Amino acid sequence: MIRNQSTGGDNTDPRALARKTLTYRWVCLGLLSLVMLVAFFIRLAPAVALPNLRDEFVINVAQLGLVTSLFMWPFALMQPVAGILTDAFGARRTVTIFLIMAGTGQLLFALAPTFPLALAGRALAGFGFSVLFVGASMIMAQWFRPREFATLTGLWTSVGNIGALTAAAPLGFLIAQIGWRGSFGLTGLTVLALALFVFTMVRNRPADLGFPSIAEIDNAPKLPSASLPLPLRQGVTAILRERNTWLLGGYGFTLFGTMTMTQGFLAVPYMMDVYHFSQQQAANYLTLWAVGLIIGCSLWGFAADRVFMTRKGVVFWGAIVYLLLWLLLAIQPEGLPSGVLLLAMFWGGFFAATWIPIYAQLRDFIPPQMLSTAMGVLNMFLWLGGALYQQVSGLILEGFADASGEAPMMAYRVVIWLALASVEVSIVLIGLSTEKRLTKGSI
């Protein structure tokens, strides 16, 4: 049905068909980006609702950390499997099925009468959203040019971080109006509706609609090896033997881990305990972190592809500048003027976003038939870091907490120094990685 609607008019004019490819690709990627926006909202929403969850289920700080991290454990561990499934069955079917699970998990979390059921719903939501990025990577590879990969990854993540933005101050307002259960239940229903749209509208490649591929439009030579099937074991072995897989993965584990820990868990209790902010004030400040990510993710992918012509350079120097945030907090963890604290929130999101080009950096070293699997393996490192750092920081705060449940300054000092050391490790790892340098005419 879509094919007949989409190819109306002259189906033989090469220029008309090329225009259809160049237009419809944005429908596919745009819809998946919208899903990513909702996924980011769901991932980060508990950070704003922590006081509500604490009162509802009568839980401590460590358990609150588990709520935020449990989304990411199945999300992270599923990444290589998600890549394999996407390479085997395509983005359309894989994403649709998993989105149904994600929406069901979010509804379970919103309706859960007990804490264990809430955790089960949270884990199911993370499991369901695990295929999103690898599915989008397949769409990027099939519908777009290779030189656009880092730029598209950045734009994709920026859209997701608009979801993170709405999961800060706007979510705080929504919770005040309809409660945390109503807010979270509404997003669960939204995910189920989006699953239907993905199945109806997304297509894995232009040929599924009778459109020419990007390579055909550009008259690019077709690499013989790119069209040959690659046995799963051989492809996975090639990915795991690639040195950059481990170096970029280790970098992502440490740097992305600290970034996710701060945005997804640490920032709100830190500002409430140390600066004595209200829940809404802390959410307002956290909004600046999301704004920094939105701008940074869009900027750094494009800068790596088109301005500096180096992915490794952008990632390396960005990590060094991001380190300055943790140096500031290590030197003065409390008593920062409000303007400096606001700048620190934006600074962290903006310069942490320089992780974006690592996907394109790894893409240049792996077989094209295993792209989704390779992106899944790399994503696993990042999200395992996010899950582990959130859970460890929760355990640290709980270990120092007083009878009222409030963590003292010493607990936050320990977490800050952990983050500082981790970012230093990430700088060393990205420095050891290699890249294929870009040229103005490279594709």
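Laboratory data are not the source of any read-out in this text; all were calculated from the coordinates shown. These numbers come from a predicted model, not from an experiment. For neighbour counting, all protein chains shown are included, and Cβ atoms are generated from backbone atoms with ideal geometry for every residue, glycine included.
Things to note:
- Residue exposure sequence - Met101, Met409, Met345, Met309 - by fewest surrounding Cβ within 10 Å: Met409, Met309, Met101, Met345
- Nearest-0.05 FRET efficiency for Glu334 and Val428, computed from C-beta distance (R0 30 Å): 0.55
- Sorted by Cβ density within 10 Å, fewest first, the residues Thr114, Thr86, Thr104: Thr114, Thr104, Thr86
- Taking the helices alone, the chain has a mean residue ellipticity at 222 nm of -25500 deg cm²/dmol, built from -39,500 (n - 2.57) per DSSP H run of at least 4 residues and averaged over all its residues.
- Each peptide in 414-424, 29-39 was scored by the mean count of other Cβ atoms within 10 Å over its residues; highest first, the order is 29-39, 414-424.
- Estimated distance in nm for a label pair at Ala176 and Trp246, the labels positioned 7 Å out from Cα along Cα-to-Cβ: 5.2
- Each Cα pair under 8 Å and six or more residues apart adds its separation to the average, and for the chain the resulting relative contact order is 27 percent.
- Under the convention that each Lys and Arg Cβ holds +1 and each Asp and Glu Cβ holds -1, the size of the dipole of the range 355-439 around its Cα centre is about 420 debye.
- Kyte-Doolittle mean at least -0.5, axial Cα span of 18 Å or more - DSSP H helices of the chain: 14-48, 91-111, 115-129, 149-166, 169-201, 243-261, 279-302, 311-331, 338-352, 371-400, 409-432
- Label-zone membership for the range 135-174, site Glu56, 7 angstrom Cα→C-beta point, backbone N under 15 Å: 171-174
- Relative to the current alpha-carbon distance between Thr114 and Gln234, full extension at 0.36 nm per residue lengthens the span by 38.7 nm.
- Distribution of pairwise C-alpha distances over the range 6-111, 10 Å bins, in %: 11, 32, 26, 17, 9, 4, 1
- Within-12-Å neighbourhood charge of Thr354 [Cβ basis; K, R +1; D, E -1]: +2
- Per-q log10 I(q)/I(0), the range 268-350, q = 0.11, 0.22 Å⁻¹ (Debye; single scatterer per alpha-carbon; no solvent): -0.35, -1.02
- Three semi-axes of the equivalent ellipsoid, the chain, Cα gyration tensor, whole Å, largest first: 37, 25, 19
- Under the shape rule built on the C-alpha gyration tensor, where the axes satisfy a ≥ b ≥ c, the range 278-326 is oblate, since a/c reaches at least 1.5 while a/b does not exceed b/c.
- Pairwise centroid distance, computed over Cα atoms, of the range 16-75 with the range 130-179, Å: 8
- Mean shadow area of the range 318-359, taken as a quarter of the surface of its Cα convex hull (nm²): 2.9
- With a cut-off of 15 Å on the backbone N, the residues of the range 254-269 near the modelled label site 7 Å out from Ala421 along Cα-Cβ are 254-255, 258.
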